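The values are calculated or read from the model by the stated rules, or taken from the named source; none is laboratory data. No experiment lies behind these values; they were computed from the predicted model shown. Because the Cβ atoms are built from the backbone with ideal geometry, glycine has one as well, and the counts that use them run over all protein chains shown. We work out accessible area using only protein heavy atoms, side chains counted, and drop any ligands, DNA or RNA first. Shrake-Rupley method; radii C 1.70, N 1.55, O 1.52, S 1.80 Å.
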Amino acid sequence: MNLPDPSSLADRAERALAACGVEWPAGDLSAHTPITGTKLRTVRPHSGREVDDAVEAAHRAFLTWRTVPAPARGAVVRRLGSLLTEHKEDLAEIVTLEAGKVTSEALGEVQEMIDICEFAVGLSRQLYGRTMPSERPGHRLSETWHPLGVVGVISAFNFPVAVWSWNTAIALVCGDSVVWKPSETTPLTALACHALLRRALADCEAPIDVHQLVVGGRDVGEALVDNPLVALVSATGSVRMGRAVAPRVAARFGRSLLELGGNNAAVVTPSADLELAVRGIVFSAAGTAGQRCTSLRRLIVHESIADKVVGRIASAYAQLQVGSPFDSGVLVGPLINEAAYEAMQKSLSAARGDGGTVVCGGDRVGESGFYVTPALVRMPAQTEVVRAETFAPILYVLTYTDFDDAIALHNGVPQGLSSSIFTLDQREAERFLAADGSDCGIANVNIGTSGAEIGGAFGGEKETGGGRESGSDSWKAYMRRATNTVNYSDQLPLAQGVEFG
Ligand code: UN1
């Protein structure tokens, strides 16, 4: 495998950061690239005290920002969208360097940011409240949506910029300010986004402090989570992280919006268009080296077609080029680090111990970085390792005979993010989408589990945390609702017919 020279990667990072206007001192936090496992540059992290200062500055800015008309707030997000478009290649370059995504997926991630900016600009004129008929004469009953406060955004390495933008574009038009704690694995992408947003704010003469970046590890995250001025904590990452965050936020009656692990499955029924199914399965299972929260991890195939489906996936896997994400033709880049590789090996040996057969993949490629061939594993049952999320390209294959059993297997895991069914049978498709079908936040037909558009609400149930980000009416999580009763009569009738005096 041919990997680029590490110093050329550090130079590329410097160039792209400079193009985005990043000025940030060096310090104790090192940013590495998974491409070669080497250092790109260092960054000065924040202390807990500085996190509190950032939250206070964001709160002061919020007090002004909340009174700016929403369509004027939308203008900042429109400017951000145009800067993201202008710097699409620069940002994608940093995403590839820091997260190891192949170029097309890195560009796609930046496009996802541009898309959500467009969505948010439209939303800035559509933060609708309802009116309800009052039961009393001469009364008007309605609701108003108001800005909420400071939103703390905690994001993960695997979508280092898109998930921030889902939260931030929406929070800003809703009149909130944002304090962002990116993954300590991907600080450089965060520096670039922060610089571009600050520029958008300055260009629009908006309060600059409505966006704050706090860089660092667990202590920085904890300071953000515990600060009572943070009205909403929107956290994306592992179930472990969610378990640490949610009770702390709840203890101070803050709100949290959680988007945690997935253990996404696809059901493949006898009528499926196999050509299409295999393409969808391979993209969702092996794309992004299995490091999306929406990655396909389980396949539930009708026993009559299982050998054929497994054979086709194995031949598609044999064609997949694993290597430097900058090389054209490469579809599978590196795992983020050694710990991810170790976790993958541990899960594969647990699967073997449970009677699973590794049909192909799971091997390390090369000696620098952590590159692996995507693994395809046939399992005799949905054992503990299958029920857990391993953030790596492992696809477990289970078989079913009866459709009800397929649904039971599908829902028989603790997570509930994304799901899909490949079938040409309308009854099966509709059943999968029905109340007694998939229990996930995302349920698809004849398309894989990953690669959602921003227009829909994104998130899932059970251990996935229940939050919804991005499109549809997810914006409501970023605002507070006030119910207003206005009496325009000269009488004071009480509700429910109560008489008082
Ligand atoms: C994530 O992995 O945290 O649906 C987000 C998808 C992308 C977003 C994934 N649009 O796969």
Antiparallel DSSP beta bridges within the chain, as percent of all bridges there, nearest 5:
35
Please state, to two decimals, what the Cα-based radius of gyration of the range 362-501 comes to when divided by 2.2 N^0.38 Å (N = residues).
1.65
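Kirkwood Rh and Cα-based Rg: tell me the resulting Rg over Rh for the range 264-445, rounded to two decimals.
Working: Rg = 15.6 Å, Rh = 16.3 Å.
So for the range 264-445, dividing Rg by the Kirkwood Rh gives 0.96.
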So for the chain, considering every pair of alpha-carbon atoms, how many percent are separated by more than 30 Å?
50
20 Å reach of a label modelled at residue 328, 7 Å along Cα-to-Cβ, counting backbone N of the range 1-38
2-5
Using the alpha-carbon atoms, what tilt in degrees (0 to 90, nearest 10) does helix 338-353 show relative to the longest principal axis of the chain?
60
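Would you mind calculating the gained length between residue 139 and residue 1 on full extension (0.36 nm times residue separation, minus the Cα-Cα distance), in nm to one decimal?
42.3 nm
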Rounded to the nearest 10 degrees, the helix 239-251 long axis (Cα) sits at an angle to the longest Cα principal axis of the chain of 20
Whole-Hz couplings from phi, Karplus 6.51/-1.76/1.60, listed for the range 435-440; x for Gly and Pro
4, 9, x, 4, 9, 8
Per the helix-only model, the chain has a calculated mean residue ellipticity at 222 nm (DSSP H runs of ≥4, -39500 (n - 2.57) each, divided over all residues, rounded to the nearest 500) of -12500 deg cm²/dmol
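Taking 8 Å as the Cα distance limit and 6 or more residues as the minimum spacing, I'd like the relative contact order of the range 52-141 as a percentage. Before the final figure, lay out each step's value.
Values: 56 pairs, mean separation 26.9, N = 90.
Once divided by the residue count of the range 52-141, the mean separation gives 30 percent.
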Write down the Å³ per residue value for the convex hull defined by the alpha carbon atoms of the range 1-146.
178
Roughly what angle does helix 6-19 make with the longest principal axis of the chain, taking Cα atoms, 0 to 90 degrees, to the nearest 10?
20
Amide H contacts under 5 Å for residue 400, placed H, 5+ residues apart:
301, 302, 303
Give me the extension gain from residue 484 to residue 433: residue separation times 0.36 nm, minus the current Cα-Cα distance, reported in nm with one decimal.
14.6 nm
Once you have the Cα-Cα distance between residue 44 and residue 202, take 0.36 nm times their residue separation minus that, and quote the gain in nm to one decimal.
54.5 nm
Given the protein chains as shown and a 1.4 Å probe, how many square angstrom of residue 140 are accessible, to the nearest 10?
120
